[in-house]
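Trainee: One structure, as structure tokens, below. Some questions next.
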Amino acid sequence: MITLIVLPNIYLCPLGLLLTAVGDTSLCDLMLNEGINVPHLCGKACVCSSCIINIKQGAEAIRIATNSEKALLVTNRSDSRLSCQSYLGKVC
Ligand code: FES
């Protein structure tokens, strides 16, 4: 079980939120399940990048980005990820 801190965002989550992650769920689904209306225009199919988030700490706990995800991360921020493609735990 991992605790995630969603920092305040004036549009999506003004007060911020603590989330508890269990199982194999994407960060996008975790936030949607808690009522945070994360944009996910392509239906979480890894083709739009509307679900982009920035990981401030703990990125090592998230599986590495696939080439498909990397192709959509058109930003120079190294902490960006697509929340629909970000799952906790490493794939061996
Ligand atoms: S919802 Fe489209 S890439 Fe994540």
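Trainee: From the list THR25, THR20, pick out the single residue that is within 16 Å of the ligand (Cβ to nearest atom), β-branched (Val, Ile, Thr) and closer than 23 Å to MET1 by Cβ.
Mentor: Exactly one of THR25, THR20 is within 16 Å of the ligand (Cβ to nearest atom), β-branched (Val, Ile, Thr) and closer than 23 Å to MET1 by Cβ, namely THR25.
Trainee: Filter segment 38-66 for residues that are hydrophobic (A, V, I, L, M, F, W, C) and part of a strand (DSSP E or B); which is farthest from the ligand (Cβ to nearest atom)?
Mentor: Restricting to residues being hydrophobic (A, V, I, L, M, F, W, C) and part of a strand (DSSP E or B), the top hit is ILE62.
Trainee: Could you check, for segment 19-26, whether at least one of its residues is without any contact (Cβ under 8 Å) to a residue 24 or more places away in the chain, surrounded by 11 or more Cβ atoms within 10 Å (Cβ to Cβ) and part of a strand (DSSP E or B)?
Mentor: For segment 19-26, residues without any contact (Cβ under 8 Å) to a residue 24 or more places away in the chain, surrounded by 11 or more Cβ atoms within 10 Å (Cβ to Cβ) and part of a strand (DSSP E or B): present.
Trainee: For segment 67-74, state whether one or more residues are loosely packed, with under 12 Cβ neighbours inside 10 Å, in contact with a helix residue (DSSP H, G or I) (Cβ under 9 Å, 6 or more places away or on another chain) and outside any loop (DSSP other than H, G, I, E, B).
Mentor: no
Trainee: Can you tell me which residue is farthest from the chain's Cα centre (by Cα) among those in segment 53-66 that are surrounded by 15 or more Cβ atoms within 10 Å (Cβ to Cβ) and closer than 14 Å to VAL6 by Cβ?
Mentor: ILE55
Trainee: Out of the residues in segment 75-92 that are among the small types (Gly, Ala, Ser) and at pLDDT 90 or above, state the one that is nearest to SER49 (Cα to Cα).
Mentor: Looking at residues that are among the small types (Gly, Ala, Ser) and at pLDDT 90 or above, I get SER83.
Trainee: Ok, one more. List the pairs whose first member sits in segment 45-63 and is more than 17 Å from ASP29 (Cβ to Cβ) and aliphatic (A, V, I, L, M), whose second member is within 6 Å of the ligand (Cβ to nearest atom) and in a strand (DSSP E or B), and whose Cβ atoms are under 8 Å apart, counting only residues at least 6 apart or on separate chains?
Mentor: none
Trainee: Please determine, by comparing only the residues of segment 27-52 that are within 24 Å of ALA71 (Cβ to Cβ) and β-branched (Val, Ile, Thr), which one is surrounded by the fewest Cβ atoms within 10 Å (Cβ to Cβ).
Mentor: Selected residue: VAL47.
The values are calculated or read from the model by the stated rules, or taken from the named source; none is laboratory data. Everything numeric here is computed off the predicted structure, so don't read it as measured data. Neighbour counts run over all protein chains shown; Cβ positions are idealised from the backbone, glycine included.
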